[in-house]
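The values are calculated or read from the model by the stated rules, or taken from the named source; none is laboratory data. Quick caveat, the model's predicted, so the values are computed rather than measured. Here the Cβ positions follow ideal geometry from the backbone for every residue, glycine too, while neighbour counts run over all protein chains shown.
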Amino acid sequence: MESFAKSQKKDPKEAMRDRFGAIILCGGKGTRMSLLTEDKIPKPLYSVNGKELISYSLDLLDESGINRILFAVKHLSEQIESWINSSNLNCDAVVMKIQGRSTAAAISEGLALIDRDQVVILSGDEIIMNFKLASMMEQHERTGSLLTILATDPRNAVGDGVLLELDGNRIKGISEKRSEIGRSGQHGLLYHAGVIMIKQEALQYIALGEQDPKGGVIDMPIMRGGLSAGILNAYVDKNLTFFNINSPKEVNVAESKLSYMKRFVR
C-alpha cells in the first residue's frame with residue numbers, strides 16, 4: 001500500500017527558530033543616563049516614546065521568528081528579571097547574571113546555554129527602526145560567515161559608536177573614535193548599528209578573558225578578534241535608523257525622531 005504521508009515543509013520563521021538563538025546584553029550601568037534613571041531602574045527598562053528600550057530589541061527578534069533568548073544581566077538585574085517574568089514574552093527566555101565576567105566570556109557561556117549554532121547579539125539599550133533582521137540572518141548563513149555585524153551610513157545613527165572600513169563585505173578596519181572622523185560618511189566609512197551575528201566556531205578567535213573597555217563599546221573585543229582573524233563581515237543597510245541611547249540628549253533626539261516616524265505608520 002502506498003503511503004500518502006508527505007514531508008511537511010516548515011515555514012521560514014519556524015526553520016529560523018531551529019537555527020538561531022539570541023542574546024540581549026542588559027548589563028550596563030548607564031552612568032550617563034543617571035539624570036533620568038536616578039540609578040533606580042536599569043537602562044533597558046527606561047521608556048522611550050512610550051516603550052521600554054529592551055522591547056525594541058524583542059520586537060526585532062519576534063518579527064524574525066527567533067524565540068530562544070538569553071538575557072545577560074548585571075546592574076539592577078532583579079528588576080529586569082521581574083519584568084521578563086511578568087511580561088508574557090513570546091519566547092523561551094533564560095536570564096544569566098554576568099557579574100565578574102567580561103561580555104565576551106558571558107557570550108561564550110550564553111551560546112552554550114542557548115544551544116544554537118548561530119546567535120544574534122543585541123543590546124537592551126539600543127533602538128533600530130526600518131530594519132529586517134531576517135534579511136541579515138539570511139545573508140549571514142548564505143555566505144557562510146562566522147561573524148557578521150550590521151553596518152549603516154553614519155548619518156542614519158544617533159550616538160557615538162564604532163566606525164567600519166569595508167572592502168566589499170569584509171571589514172578591514174574599525175575605529176571606536178567616531179568623532180575623530182566625523183559624522184558625514186566621509187572616507188566611505190560606515191557605522192556599526194548594534195547587531196552582531198556569531199557562529200559557535202568563531203569563538204576560537206575571540207579573547208574571552210579580555211575585560212570590557214570602561215566607557216567604551218562592550219562588544220569591541222569580539223569585533224577585534226574577528227578583525228584579527230579575517231572573519232569579520234558586514235551586512236549593510238543604509239535605510240535603517242539607529243539610536244545608541246547613552247545620555248539624556250540621545251533620549252530627546254530619539255523621542256523626537258520616533259514621534260515623527262510614528263505619524264507615517266498606520
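What the table below lists for this structure:
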| quantity | calculated |
| --- | --- |
| Residue in region 183-200 that is part of a helix (DSSP H, G or I), within 12 Å of L147 (Cβ to Cβ), at pLDDT 70 or above and out of contact with any Cys (no Cβ under 8 Å at 6 or more places or on another chain) present | yes |
| Contacts under 6 angstrom Cβ, first residue in region 60-80 being touching a residue at least 40 places away in the same chain (Cβ under 8 Å), partner among the charged types (D, E, K, R) and assigned to a loop (DSSP other than H, G, I, E, B), 6 or more apart | H75/K29 |
| Search result, residues across region 231-249 that are touching a residue at least 24 places away in the same chain (Cβ under 8 Å) and assigned to a helix (DSSP H, G or I) | P248 |
| Flag for K51 being in contact (Cβ under 8 Å) with a residue 12 or more places away in the chain and basic (K, R) | no |
